[in-house]
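The values are calculated or read from the model by the stated rules, or taken from the named source; none is laboratory data. Here the structure is a predicted model, which means the values were calculated and not measured. Cβ coordinates were reconstructed from backbone atoms using ideal geometry, including for glycine residues, and neighbour counts include every protein chain displayed.
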Amino acid sequence: MEYDHLNPYPFYAYMRRNSPVIRDDMGNWQFFRYEDVRKILTDWSRFSSRFPMGDTVLSGTVLNLDPPRHDKLRALVADPFSAPNVELLEGRVRAIVEELLSEVGREMDVITDLAVPLPVMVIADMLGLPKGDLWKFKEWSDDLVGVGGRDSMGELLEYLQRRIEERRASPRRDLISALLGSVVEGEKLTDRELLGFLVLLLVAGNETTTNLIGNSVLTMLERKDVVGRLAADPRLVTTAVEEFLRYRSPVQGVFRVAKEDMKVGGVEVKEGDMVFAWIGSANRDEEKFQDPDQFVPDRRPNPHLAFGAGVHTCLGAPLARLEGRLALTALLRLLPRMKLSEQKLEPIGNWIFLGVRHLRVELSS
Ligand code: HEM
């Protein structure tokens, strides 16, 4: 059974049924069942996030640490990303969505016209970066996850370091200034930690939200009845966003490293072994979800793992949910007139993410 990057679901179903845990050619353990994936994500005392990342600026960021250090660093950055603070951004995010959609004519590439620029513009706005720098931001974030083509890390770090120094000299009302000033138990972020966190925001926040929007539109083009239901009752968009996250999860899985010898999912894992937990498969597990291959816009409860679980649960989840809800609400105006253009859909070039490079559509008048 082959892994299809645009539709890995038949492969996952086969694996859950026949080989729910495998050891691959690289020696990594791969887990496909919901219960195992959830255990791996939540049990940080046995499954560490301190997997080797080389000497990159992302090593030692929250994503790559365990408690107690993880919790301390996360507390320093938690406030601006908390749900109540993110809700205050609703007006700004809606204005960005409307600005982007106002430029759409008879044809549109949902990815490049909306799904890519939206999260980049929102995070740049939060950080207080000039609009003119946005195109660089997108290029850097693509390069970081390997779908760009250049190694532009040095450029990005130099750019961010300069912005940090400007704010240290004269603080503003923006996220970089807030992070520079935040103190937990008498501790502040070091410059390296701040840089790492800013880069992490780019990597963790941009490609993922782009794929949430792209995957949602793709699903609605396949299921026009869903568009009708959402248009008739826009309050359903909130639960539908959760279902889009489950149905086509932007992040398909995460790595951990075993901290001790243990038995999990019926196999003996040794201390130091790398473990990969397939979130995309867990979210379609028939043992956990009724009719897992059906898209159910009002599915409740919906205990999907698209934002992870446990101490590393996505810090940007409230922001991603807000962007997803506002983008899809606005798109509901266009979707009844939207049709997929002739094209061969191509997967984005990183197997950990699920998404398409382009999604060209035509809008009838
Ligand atoms: C639909 C969009 C998104 C998805 C599907 C997603 C998914 C995830 C997942 C699965 C994790 C857990 C990683 C792990 O356990 O190792 C995570 C962590 C994280 N995400 Fe997101 N993310 C999204 C959007 C965002 C946004 C918009 C931001 C910020 C601007 C963000 C920032 C982070 C950060 C900082 C972490 C690390 C948290 C920690 O380790 O404590 N994410 N995300």
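Annotation: residue 180 fulfils all but one of (1) modelled with pLDDT of 85 or more; (2) under 21 Å from residue 116 (Cα atoms); the unmet one is (2). Say whether the condition of being more than 30 Å from residue 221 (Cα to Cα), among the charged types (D, E, K, R), surrounded by fewer than 19 Cβ atoms within 10 Å (Cβ to Cβ) and touching a residue at least 12 places away in the same chain (Cβ under 8 Å) is met by at least one residue in the range 104-114. So far as the range 104-114 goes, no, none of its residues is more than 30 Å from residue 221 (Cα to Cα), among the charged types (D, E, K, R), surrounded by fewer than 19 Cβ atoms within 10 Å (Cβ to Cβ) and touching a residue at least 12 places away in the same chain (Cβ under 8 Å). Taking the stated definitions as given, is residue 339 away from the ligand (no atom under 16 Å from the Cβ), farther than 14 Å from residue 108 by Cα and of a type outside the set (Asp, Glu)? It is false that residue 339 is away from the ligand (no atom under 16 Å from the Cβ), farther than 14 Å from residue 108 by Cα and of a type outside the set (Asp, Glu). Considering the range 1-95, the qualifying helices (runs of 4 or more DSSP H), each wholly inside and each with 3 or more residues that are within 12 Å of the ligand (Cβ to nearest atom), over 19 Å from residue 276 (Cβ atoms) and not polar (S, T, N, Q), run over 69-81. For first residues located in the range 179-207 and touching a residue at least 12 places away in the same chain (Cβ under 8 Å) and closer than 25 Å to residue 134 by Cβ, partners that are part of a loop (DSSP other than H, G, I, E, B) and of a type in the set (D, E, K, R) and lie 6+ apart or on another chain with Cβ distances below 8 Å form the pairs 180/188.
The residue of the range 324-335 that is farthest from the ligand (Cβ to nearest atom), among those that are among the aliphatic types (A, V, I, L, M) and not in a helix (DSSP H, G or I), is 334.
Could you list all residues from the range 295-323 that are assigned to a helix (DSSP H, G or I), within 11 Å of the chain's Cα centre (by Cα), within 7 Å of the ligand (Cβ to nearest atom) and in contact (Cβ under 8 Å) with a residue 24 or more places away in the chain? Break it down stepwise before answering.
Residues of the range 295-323 assigned to a helix (DSSP H, G or I): 310-312, 317-323.
Among the residues that remain, those that are also within 11 Å of the chain's Cα centre (by Cα) are: 317, 319-321.
Adding the requirement that they be within 7 Å of the ligand (Cβ to nearest atom) leaves 317, 319-320.
319, 320, listed by residue number.
Restricting the range 336-365 to residues that are in a strand (DSSP E or B) and touching a helix residue (DSSP H, G or I) at 6+ places or on another chain (Cβ under 7 Å), the residue that is farthest from residue 249 (Cα to Cα) is 363. Does residue 291 meet the test of being outside any strand (DSSP E or B) and more than 21 Å from the chain's Cα centre (by Cα)? Yes; evaluated as a whole, the condition is true for this residue. Hey, among the residues in the range 276-288 that are of a type outside the set (Val, Ile, Thr) and either under 15 Å from residue 30 (Cβ atoms) or in a strand (DSSP E or B) (or both), which one's farthest from the ligand (Cβ to nearest atom)? Once the filter is applied, the top-ranked residue is 285. Do we find that residue 72 is crowded, with 16+ Cβ neighbours inside 10 Å and either in contact with a Phe, Trp or Tyr (Cβ under 6 Å, 6 or more places away or on another chain) or not hydroxyl-bearing (Ser, Thr, Tyr) (or both) in this structure? For residue 72, the condition - crowded, with 16+ Cβ neighbours inside 10 Å and either in contact with a Phe, Trp or Tyr (Cβ under 6 Å, 6 or more places away or on another chain) or not hydroxyl-bearing (Ser, Thr, Tyr) (or both) - is not met.
If only one of 37, 86 is at pLDDT 95 or above, of a type in the set (A, V, I, L, M) and out of contact with any strand residue (DSSP E or B) (no Cβ under 8 Å at 6 or more places or on another chain), which one is it?
Values: 37 fails: out of contact with any strand residue (DSSP E or B) (no Cβ under 8 Å at 6 or more places or on another chain).
Answer to the selection: 86.
Scanning the range 234-275 for residues that are at negative phi, part of a loop (DSSP other than H, G, I, E, B), in contact (Cβ under 8 Å) with a residue 40 or more places away in the chain and loosely packed, with under 15 Cβ neighbours inside 10 Å returns a single hit, 260. Take the conditions part of a loop (DSSP other than H, G, I, E, B), among the small types (Gly, Ala, Ser) and in contact (Cβ under 8 Å) with a residue 60 or more places away in the chain and apply them to residue 146. Does it pass? The answer is yes for residue 146.
Contact annotation: residue pairs with Cβ atoms under 9 Å, 6 or more positions apart or on different chains, pairing a residue in the range 341-356 that is within 11 Å of residue 211 (Cβ to Cβ) and touching a residue at least 60 places away in the same chain (Cβ under 8 Å) with a partner that is acidic (Asp, Glu) and part of a loop (DSSP other than H, G, I, E, B), are 347/4; 356/346.
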